[in-house]
Structure formats: C-alpha cells, structure tokens
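Let me begin by presenting the structure, written as structure tokens, before commenting on it.
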Amino acid sequence: AGEYSSQLRYAISPGMAGSHALARVHLQLLEHLQTNLDGACRDLDSEFLHDLRAAASRAELLLSKLPGAFPGVDTGRYREEFAWLEKVSRPTRQMDVYLMLLEEYKSRLPPGQGSYLEPFRSFLRDHKLSEHRDLNVALQSPRYHRLVEGWRKLLEHQLARPQDPAEAPVEALAAGLVGPAYEALLTQGRQIGDNTPAAPLIELNKACKELQYLLEFFRTLCHEKRLNQIKRRLDRLQDNLETFEDLELQQQRLRRYIAEMRVEQRLVQQAALEAMDLLIQDMAEREVNVRKGFAKRFAKFSDDECQNRMQALFSPPAGPQPETR
C-alpha cells in the first residue's frame, strides 16, 4: 500500500511513436487494475473498487478515442471487455457510495430523525452483499483473466516492436485528441441555458471527465504552466457539474430505492418514508442553487484566454519568461 498511488506514472516524451506511448499508458492502467483486484474481491475498502473501476474506465475511453492505436490490431474486443467490467462493477460501487453518504444524509435531517434511515442502511447492506457476490464471480472468472492476460501480452508485444519513424509522434496524437475534445465540450456548453433540462448538463459533465482523462494521459507532453491554468478552471467547472449530477441522480435513485424497499416491506414506519422524502426535497433545493453557478464557471473555461492556452498546450515555452516580483 505504501508504494501505491492512483496517479498515473509512466515515461512518454515528445517524438515517441504514438503506439509505444499508448502501450505504456495502457500498461500502467492495467497495473492499477490488477493492484486493486484483491482488495476489491475481499471488500477491504471501497477505494479498491473505485480505483479498479477508474482504470477500466480510462482504458475504455482511450480505446474508444483511438481504435486504431496499434497498427494491424483490432482493439474493439478489448474495449467491449473493459465496458463489461465497468458494467458488472457498477451496482456494488453504487451501494458503497450510498453507504458512505448515510452520515451526511443524517446530518441533513432535522434533529432526532437520523435513526429513521436505519431501514435504508439495512437495505443497502443486504443488497451490497448480493451485488458483491456477483462481482466476485465476474472478477475471478475466466473472462476476466483472458482480458488481463491477453491485453498484457498485446501491449508488451507493441513495446517490443521497433518504433516506426513514419508513425505519427505521440504529441501530434495527443493534440489531435485534446483539441477536438475541448471544442466539443464548448459546443455542448454553449447550448445550455437557464431552462435546459438536467440531461445535457450530465452529458457535459461526462465531456469534462473525458477531457480530464486526456489531459492526465498526456500531461508530460504539455506546457506545465498552461496545463495547470487550464486544469484549475476545468476543476471548478467539474466541481459544479459533478455536484449537480450527483444531486440529480441521487434523487432518482432514492425514489427507486424507496419503491424497492416498499416491495421488500422494509418501509413499515411512515417516519422512515418521510425522512427519505425530506432528503429528496433537500437535494432538489441544493440542485437549484448549484445550477445557478454553472454559467459563470463555464464562461471562465470558455473565454479567449483559456482557449489560447489550450491551443498552445503542446507548444514549448516561447522563450525566457520574465521574472515576477
């Protein structure tokens, strides 16, 4: 545990062939996947599953953006397998999230009403056990082992191949991904107004996350100061959108959980139902306030200054920088 970090660490540099650089990125993601496997299977801590899912999600995104990353290799099957891994691990992760949220939920209820959420805790724990059993079967299945072993073999083979001087260098590949991702994000964001429904904002949050991943993959190729300036604005926009999405989805899921608890006869006390209804009302009010902050943060992320920094992100510094006093 002392040597593990969720940050990606690999050596890629300008001029390196794109396929070699991508193989290094994917190998690091695969290491994160395997490092967190045992902890996720044994349910030692929810962060093991979180990091395992993050590695699978990043790998699936990179494969979707660059299906022809490795010359002569069809990576479509591996993309489908990483998508499968995300899907089978999602129910357990959702239970983890709501179990962690319970203390916050209690704090948002009127004094003395927190105990009415205990039927909800019992519901989550029981479903978590069931979902985790299914997840364990998937993570220890021949399908999972074929994915890991086959993908590692393919990546190591790519690294063993001599670099082709005719192949596009990684910095060109990175610029060809990051620039369009940023422009697509701006196009989506400019279509959002005060009365836009929730779905487009959730899609915009997804676009922000994809851009974040791409910047993370290629950060060693970027002009560091420009990258940090861009990331500060992206982080502020993401914080707003992620909070909005969390509040929107929590309302939807709590309504679904209430329906399931009724079917399972877990909501025998009216007070328990009223407590959960109060939580949904609180979330709806907070969502309105969060929504009000979107326009200002998006404006900062889409202004001329930020666009200019993005266009020059993979360019070296123009020369000696003046000292600041």
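The values are calculated or read from the model by the stated rules, or taken from the named source; none is laboratory data. Owing to the predicted nature of the structure, the values given are computational and were not obtained by experimental measurement. Using ideal geometry, Cβ is built from the backbone for each residue, glycine included, and neighbour counts are taken over all protein chains shown. Please note that ligands, DNA and RNA were not included when accessible areas were found on the heavy atoms of the full protein model with its side chains. Shrake-Rupley method; radii C 1.70, N 1.55, O 1.52, S 1.80 Å.
At a glance:
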quantity: All positions within the stretch 180-192 that are small (Gly, Ala, Ser) and open to solvent by 30 Å² or more (accessible area, probe 1.4 Å); calculated: Ala184
quantity: Matching option when the condition is over 22 Å from the mean Cα position of the chain (by Cα) and either surrounded by fewer than 16 Cβ atoms within 10 Å (Cβ to Cβ) or in a helix (DSSP H, G or I) (or both), among Glu274, Glu242; calculated: Glu274
quantity: Every pair of residues 6+ apart whose Cβ atoms lie under 7 Å, when the first sits in the stretch 274-293 and is within 15 Å of Pro197 (Cα to Cα) while the second is of a type in the set (Ser, Thr, Tyr) and at pLDDT 95 or above; calculated: Val290/Thr243
quantity: Positions within the stretch 199-213 being free of Cβ contacts under 8 Å to residues at least 60 places away in the same chain and under 18 Å from Val290 (Cα atoms), in sequence order; calculated: Ala199, Pro200, Ile202, Glu203, Leu204, Asn205, Lys206, Cys208
quantity: Qualifying position, being touching a residue at least 24 places away in the same chain (Cβ under 8 Å), within 21 Å of Leu27 (Cβ to Cβ) and in a helix (DSSP H, G or I), among Arg143, Arg226, Arg236; calculated: Arg143
quantity: Residue tally, condition open to solvent by less than 60 Å² (accessible area, probe 1.4 Å) and either more than 13 Å from Ala17 (Cβ to Cβ) or of a type in the set (Lys, Arg) (or both), over the stretch 153-179; calculated: 7
quantity: Breaking point among (1) in a helix (DSSP H, G or I); (2) closer than 16 Å to Asp277 by Cα, for Val137; calculated: (2)
quantity: Looking only at the stretch 297-314, and only at residues there that are open to solvent by less than 50 Å² (accessible area, probe 1.4 Å) and of a type in the set (Gly, Ala, Ser), the one that is farthest from the chain's Cα centre (by Cα); calculated: Ala312
quantity: Given (1) closer than 27 Å to Glu86 by Cβ; (2) out of contact with any His (no Cβ under 6 Å at 6 or more places or on another chain), number of the condition Lys225 does not satisfy; calculated: (1)
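The rows are residues; the columns are (1) among the basic types (Lys, Arg); (2) within 25 Å of Ala55 (Cα to Cα).
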site: Leu211; (1), (2): no, yes
site: Cys222; (1), (2): no, yes
site: Lys225; (1), (2): yes, no
site: Leu237; (1), (2): no, yes
site: Glu242; (1), (2): no, yes
site: Leu254; (1), (2): no, no
site: Ile258; (1), (2): no, no
